[in-house]
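Student: So that we are looking at the same thing, I have put the structure below in structure tokens.
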Amino acid sequence: MAKERTPYATGSRLNMGTINGAYTILASDSSKVFMIDDNSAGTAYTITLPTTLVAGTEYKFVVRQAGSLAAVVTIDAGSAIIDFVMKDAGGNASNSTAGTSKQYMKFTATSVQADYINLFTDGTSWYGEAMSSIDDAIDHT
């Protein structure tokens with residue numbers, strides 16, 4: 001019989017980090033929640049996902065910046081591909097990939113605090129979900 005786990009019974013917490021400039025995600029960052037902020041220059045930057053995909057690897061990116069971001073923050077899957085479903089607060093899913101894989105996901109400059117992207121891989125492709133309170137604040141190319 002499996003042992004029941006009680007959240008935080010052992011004092012565990014979310015593994016968190018902050019990104020406010022170009023960063024290459026490490027395999028050891030799996031299961032980490034990254035808080036996304038503007039950098040001091042207010043310029044666009046790119047977060048690069050690992051090039052070797054290992055099934056079960058997952059990351060979450062959450063805009064922490066108060067107000068909207070000053071510039072675009074791009075998540076680059078390199079030669080890997082991303083399929084994701086996105087909804088805004090009004091239920092609009094127009095930015096979902098609809099079965100067409102993409103290399104980039106972007107928090108646009110209209111993204112606001114608490115918008116998020118969850119990504120995980122099966123070892124072949126990235127899959128994800130995104131939620132935003134602003135229509136078209138999260139996009140893909």
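Student: Looking only at residues that are over 15 Å from THR48 (Cα atoms) and hydroxyl-bearing (Ser, Thr, Tyr) in the stretch 101-124, which one is nearest to the chain's Cα centre (by Cα)?
Tutor: TYR116
Student: Still on this structure, please answer the following. List every residue pair whose Cβ atoms sit under 6 Å apart, with the two residues 6 or more apart in sequence or on different chains, where the first one lies in the stretch 54-65 and is in contact (Cβ under 8 Å) with a residue 40 or more places away in the chain and of a type in the set (Val, Ile, Thr) and the second, anywhere, is assigned to a loop (DSSP other than H, G, I, E, B) and surrounded by fewer than 20 Cβ atoms within 10 Å (Cβ to Cβ).
Tutor: Cβ pairs passing all conditions: THR57/SER30; VAL63/GLN113.
Student: Something else now. Output the number of the condition that THR110 fails; it satisfies all remaining conditions of (1) touching a strand residue (DSSP E or B) at 6+ places or on another chain (Cβ under 8 Å); (2) modelled with pLDDT under 85; (3) not aliphatic (A, V, I, L, M).
Tutor: Only one criterion in (1) touching a strand residue (DSSP E or B) at 6+ places or on another chain (Cβ under 8 Å); (2) modelled with pLDDT under 85; (3) not aliphatic (A, V, I, L, M) is unmet by THR110, namely (2).
Student: Return the pairs, sorted by first residue and then second, in which the second residue is among the aliphatic types (A, V, I, L, M) and open to solvent by 30 Å² or more (accessible area, probe 1.4 Å), the first residue lies in the stretch 17-37 and is free of Cβ contacts under 8 Å to residues at least 24 places away in the same chain, the beta carbons are less than 6 Å apart, and the residues are 6+ apart or on different chains.
Tutor: Qualifying pairs under 6 Å: none.
Student: Yes or no: THR46 touching a residue at least 40 places away in the same chain (Cβ under 8 Å), part of a strand (DSSP E or B) and either surrounded by 13 or more Cβ atoms within 10 Å (Cβ to Cβ) or in contact with a Phe, Trp or Tyr (Cβ under 9 Å, 6 or more places away or on another chain) (or both)?
Tutor: So THR46 does not fit the description; no.
Student: On to the next question. So is THR124 open to solvent by 30 Å² or more (accessible area, probe 1.4 Å), at pLDDT 85 or above, in contact with a strand residue (DSSP E or B) (Cβ under 7 Å, 6 or more places away or on another chain) and assigned to a loop (DSSP other than H, G, I, E, B) or not?
Tutor: No, not satisfied.
Student: I need the full set of residues from the stretch 58-98 which are among the β-branched types (Val, Ile, Thr), buried (at least 17 other Cβ atoms within 10 Å of the Cβ) and at pLDDT below 95, in order please.
Tutor: ILE82, THR97 - these are the residues of the stretch 58-98 that are among the β-branched types (Val, Ile, Thr), buried (at least 17 other Cβ atoms within 10 Å of the Cβ) and at pLDDT below 95.
Student: Here's another thing I want to ask about it. How many residues, within the stretch 100-141, are acidic (Asp, Glu) and touching a residue at least 60 places away in the same chain (Cβ under 8 Å)?
Tutor: 1
Student: Please work out which residue is modelled with the highest pLDDT, limiting yourself to the stretch 1-57 and to residues that are over 16 Å from LEU119 (Cα atoms) and in contact with a Gly (Cβ under 6 Å, 6 or more places away or on another chain).
Tutor: TYR45
The values are calculated or read from the model by the stated rules, or taken from the named source; none is laboratory data. Worth saying up front: this structure is predicted, and the values here are computed from it rather than measured. So basically every Cβ, Gly included, is an ideal-geometry build from the backbone, and we count neighbours across all protein chains shown. Surface areas here come from the heavy atoms of the whole protein model, side chains and all, with no ligands, DNA or RNA. Shrake-Rupley method; radii C 1.70, N 1.55, O 1.52, S 1.80 Å.
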